[in-house]
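Heads up: the structure comes next, in structure tokens.
The values are calculated or read from the model by the stated rules, or taken from the named source; none is laboratory data. All figures in this text were calculated on a predicted structure; none of them were measured in a lab. A quick note on method: Cβ atoms are made from the backbone with ideal geometry, for glycine too, and the neighbour counts reach across all protein chains shown. With ligands, DNA and RNA removed, areas are computed over all heavy atoms of the protein, side chains included. Shrake-Rupley method; radii C 1.70, N 1.55, O 1.52, S 1.80 Å.
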Amino acid sequence: MERLTMLDCYPEDVLRKIVSFVSLSNLIQLISDPSQMSRNLKYAVNQEIMKASYRYEITMARPVNMSIARSESDFMNAREFHMFDMYCVDEELEAVSKIYSKMVCMADLVELQQFLAMLKPSLKLKLHLDMDFCGWRYQRLDLTLLFESLDHIRNRVIGLSLRVSSRTEVNGEIDLDLFENMEVLKLNESKFKGSLSGLKQFSLQPVIATVELALSLQILQLADYNGIDVEVKGDASLDELSFTCSGEPVPEYVKKILMQMTYQGTTSIKYSYTGNDCVDDFLVLVAEVAKRKGFTLKSLAVEGPLVGVPPMYPTEELELCYNENDLLVCQLKLPPTLKKLKLVGHNNVDFGQLFDILPPSLERIDLSFVCGDWDNFKRDLSKFKRLKHLNLTSNWLQSLEDFIFPDFLEELILEGNNITTIEGVAFPKQLKTLNLNLNQIQKLLLGKSSPPLQRLNLDNNFVGSIQISLHNLEQLLATCTATETLLFLQAENVRYLKLTNCRFPPTQFLNLTKLQLENCYQIDNILFPSTIKELELASNNLTEIPPHILRLENLRYLGLSRNKIESAILTFCSNSLEVLDLSSNDIEKFHLTFPKGESKLKHLDLGYNQLRGFSVECLGDAENYNCFWELDLSGNALSKDQIDTLTEELPKSTKSLWATINETFAKNYIER
């Protein structure tokens, strides 16, 4: 019998309105047991799910990423995403999920393959896969197994983004004929074959051959480093275009695309030039084509030397970067509708004149690496009543005294200046992120009356005193002066903390989940909270591992590289650990012990130590290692016989065993 709730008493339209205010995390709780939802409630939930797209970041525990930006993932973990995905498949809902994965080591690749293997086929639920291999630590990358793991869900894939460093040798290419529903393809240093027909968005960097562009394209991004040609059969209708050129400022293929593939609805053009000429001819051509085709740009971005003023302006977003005309900035005729302005790398700017010509409609202003004179600037930014983001990186600012910031400013970036204090500064009440990296800040005091910051970056400063109490700060990065003046006892909301060059008195961190300490002293004085999941203690001159770290029940990542540890006989109190990095120490003895039950350890890095022997017994009870994927023993004095024995005895789940035996670079001795 159908279970009814009080919500079912409401009319359908009211019920849908109520559900629209429910967060995704609460929706996931609702769908965890669909049998408990009435037909009306399920219908309202399904309609709400189909209104949005979703993003999940696959993050195997790894070194603490203390970026000042907040994660964009809509899901807490893989289990939560898979439950949501399975519900959507079973209910035949039309929605799109974007899966992002940053690949550093082989274990990351295995994690992604296993994640994809758990997804079910669907005719309606779609996927966009975004894979970043730019930080891949190995010379070679074999994508064949990854593409094979997509076979059962390839009809779900409508988008594929793949970024690889030019230093990495890639084996495998994307066969577009296998992905009949592909709409978005973005490739960096990767290869493809098959027809581009049906694609709506195509990005290729670098382009090294003739490319036949599909008429279905709406967004096109091309980077040319070697001279290319394109074929355009018929007239296309591109909404957005992006070019990166290094030789001629206006090569023939750019002219061809502008002439044949723009139309009345073209809204955005981005152009980056790295050659020795100027970009004026490109802008003149764009203005001529816009007049002929009848389009008005909303967004225009140009990087490169510009001699004169732009012959045209966009209505909403303008970027002019690394210009060599000192007079240009104050000669701009900016439209009153402009929402975003980015002027990067300009010299001899009068900031007083500049801010006078900026329209009050702006929501984002980026003036990074703009050098000039602040004397004529009144320090009053209150006219920008819609401004939410302000970037004044490397602007030679000495002080924030007397600055009047807009009331609704949410993010303020002041990196690379000479600011010595933020005391007495009237920050706006809506400010959430303050980035003061690379300044001269000496003291931090945050209390109940301070602005409600959530993220504060004081890295690369000279902070001698830090005191936080009764404040909602969630994330803090700071470089200190090795003094014992850190008072965090009342910083109950800090979750992410990175400290450099600190000396600790007896200290208790409350409620942290991520902690990174570098070049710090008296770490034994720290009482680490049980809430910590990721702990990075690289480069702290540790000679032994603090024993209380082994008692952290929720620890997923432990990094102890670049210390002076000689012995690592480790007994952990729980099986939560997924990644252990002990590389670049002086370890001669190593042994792991975990409690009874299945170990979650996936990646163990013992590279560049003093190990002269290593056997599977060093891992403890290897039978409990069901998801152990990667072992790195590079740079240790191990024989080929020892490595050959290991390849036979390591857990069956192991995909990689890295070692250096008579080789310059590490080699994987396991092929499974």
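So residue 353 clears everything in (1) in a loop (DSSP other than H, G, I, E, B); (2) over 32 Å from the mean Cα position of the chain (by Cα) except one condition, right? Which one? Single failed check for residue 353: (1).
Considering only residues in the stretch 26-72 that are polar (S, T, N, Q) and surrounded by 17 or more Cβ atoms within 10 Å (Cβ to Cβ), the one that is modelled with the highest pLDDT turns out to be 46. Checked against (1) at pLDDT 95 or above; (2) open to solvent by less than 30 Å² (accessible area, probe 1.4 Å), residue 168 passes all but condition (1). When residue 638 is tested against (1) free of Cβ contacts under 8 Å to residues at least 60 places away in the same chain; (2) surrounded by 15 or more Cβ atoms within 10 Å (Cβ to Cβ); (3) under 19 Å from residue 107 (Cα atoms), only condition (3) is not met.
Does residue 234 satisfy being of a type in the set (Gly, Ala, Ser), in contact with a Ser or Thr (Cβ under 8 Å, 6 or more places away or on another chain) and over 25 Å from residue 272 (Cβ atoms)? Answer is no for this residue.
Among the residues examined, residue 98 does not qualify as more than 19 Å from residue 125 (Cβ to Cβ), at pLDDT 90 or above and buried (at least 18 other Cβ atoms within 10 Å of the Cβ). Tell me yes or no: at least one residue of the stretch 426-445 is on the phi > 0 side of the Ramachandran plot and either of a type in the set (S, T, N, Q) or open to solvent by less than 60 Å² (accessible area, probe 1.4 Å) (or both). The answer is no, given that none of the residues of the stretch 426-445 is on the phi > 0 side of the Ramachandran plot and either of a type in the set (S, T, N, Q) or open to solvent by less than 60 Å² (accessible area, probe 1.4 Å) (or both).
Out of the residues in the stretch 488-540 that are small (Gly, Ala, Ser) and either assigned to a strand (DSSP E or B) or buried (at least 18 other Cβ atoms within 10 Å of the Cβ) (or both), which is modelled with the lowest pLDDT? Residue satisfying both the conditions and the ranking: 491. In the stretch 295-310, the residues that are over 19 Å from residue 275 (Cα atoms) and among the basic types (Lys, Arg) reach residues that are open to solvent by 10 Å² or more (accessible area, probe 1.4 Å) and assigned to a strand (DSSP E or B) with C-beta atoms within less than 8 angstrom, at least six apart or across chains, in these pairs: 298/268; 298/317. For the stretch 370-394, a tally of residues being assigned to a loop (DSSP other than H, G, I, E, B), within 21 Å of residue 437 (Cα to Cα), open to solvent by 10 Å² or more (accessible area, probe 1.4 Å) and modelled with pLDDT of 95 or more returns 3.
Among residues of the stretch 590-604 being under 17 Å from residue 544 (Cα atoms) and either modelled with pLDDT under 95 or open to solvent by less than 20 Å² (accessible area, probe 1.4 Å) (or both), the one that is nearest to the chain's Cα centre (by Cα) is 592. Criterion first (crowded, with 19+ Cβ neighbours inside 10 Å and of a type in the set (Asp, Glu)) does residue 108 satisfy it? The answer is yes for residue 108. Among the residues of the stretch 273-321, those identified as hydroxyl-bearing (Ser, Thr, Tyr), touching a Pro at 6+ places or on another chain (Cβ under 9 Å) and in a loop (DSSP other than H, G, I, E, B) are 296, 313, 315.
Residues in the stretch 273-294 that are in contact with a Phe, Trp or Tyr (Cβ under 7 Å, 6 or more places away or on another chain) and surrounded by fewer than 20 Cβ atoms within 10 Å (Cβ to Cβ): 293 only. Restricting the first member to the stretch 648-672 and to residues that are in contact (Cβ under 8 Å) with a residue 12 or more places away in the chain and farther than 11 Å from residue 632 by Cβ, and the second to residues that are of a type in the set (Asp, Glu) and open to solvent by less than 40 Å² (accessible area, probe 1.4 Å), the beta-carbon pairs closer than 7 Å and six or more apart or on different chains are 655/630. Looking only at residues in the stretch 580-589 that are more than 8 Å from residue 601 (Cβ to Cβ) and in a strand (DSSP E or B), the one that is least open to solvent (accessible area, probe 1.4 Å) is 581. Taking the criterion of being crowded, with 18+ Cβ neighbours inside 10 Å, touching a Lys or Arg at 6+ places or on another chain (Cβ under 9 Å) and outside any strand (DSSP E or B), the residues of the stretch 553-575 that qualify are 555, 556, 572.
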